[in-house]
Amino acid sequence: MTTGAPTPTSPAPPRRSRLRTFLPLGIAAWLVLEIWLLTVVADATSGLVVFLLLIAGLVLGSVVIKRAGRRAFQALNEALQRGGTPERGGGNGLMMLGGLLIMLPGLVSDALGLVLLIPPVQKALSAYTERAFDKRLRQATPGSFGDAFQQARIHRPDGKVVQGEVIRDEPGDAPQGPRPPLTG
């Protein structure tokens with residue numbers, strides 16, 4: 001039996017972004033390239049040399065990550081002791097990424113990780129990503145995730161504090177006398 005109401009049509013499914021389409025293909029191509037390069041090096045030298053290269057990458061990458069983490073923690077400690085906020089990352093995030101790339105097995109990832117450890121490259125890449133990120137935030141539509149993140153980044157100079165009291169009503173609790181305010 002029909003009611004005369006039109007049958008609702010489902011909207012067309014959203015298109016996949018290019019990143020979601022080509023990222024798996026890029027990762028697969030990268031893995032094939034890494035394996036091929038390792039086999040070429042193993043054929044030219046020996047399997048032991050490849051094994052030693054992989055172990056050296058693991059050790060060097062972990063040292064770089066540990067050092068970058070220690071530097072980031074020290075910068076945070078100093079900023080908190082001054083009573084301010086830490087300055088920009090100072091390249092610690094890119095150093096950690098470089099260390100992670102060095103730790104991954106493969107020669108291409110090792111080369112990319114070593115390039116990320118060069119300070120001028122870190123500075124240029126950091127400036128580029130910051131500009132791109134700020135541009136993306138300015139283009140955020142109201143109600144989107146980017147808009148929420150932009151609102152969370154807004155600094156309130158007045159530092160308003162709303163005094164309040166938390167009262168938990170649980171069944172079976174007898175009302176007690178007035179509670180003191182929760183101030184510290």
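Summing Cβ point charges (Lys, Arg +1; Asp, Glu -1) relative to the Cα centre of the range 41-131 gives a dipole of roughly 360 debye. Across all Cα pairs in the range 49-130, the calculated P(r) in 5 Å bins from zero up to the longest distance comes to 3, 17, 21, 20, 16, 11, 6, 3, 2, 0, 0 percent per bin.
Heavy-atom accessible area for residue 63, with the other protein chains in place and a 1.4 Å probe, reaches approximately 80 Å².
Take each peptide in 34-42, 74-82, count the other Cβ atoms within 10 Å of every residue, and average; sorted highest first, the result is 34-42, 74-82.
The values are calculated or read from the model by the stated rules, or taken from the named source; none is laboratory data. Because the structure is a prediction, the values reported are computed rather than measured. All Cβ positions, even for glycine, are placed from backbone atoms using ideal geometry, and neighbour counts span all protein chains on display. Calculation scope for accessible area: heavy atoms of the full protein, side chains included, ligands and nucleic acids excluded. Shrake-Rupley method; radii C 1.70, N 1.55, O 1.52, S 1.80 Å.
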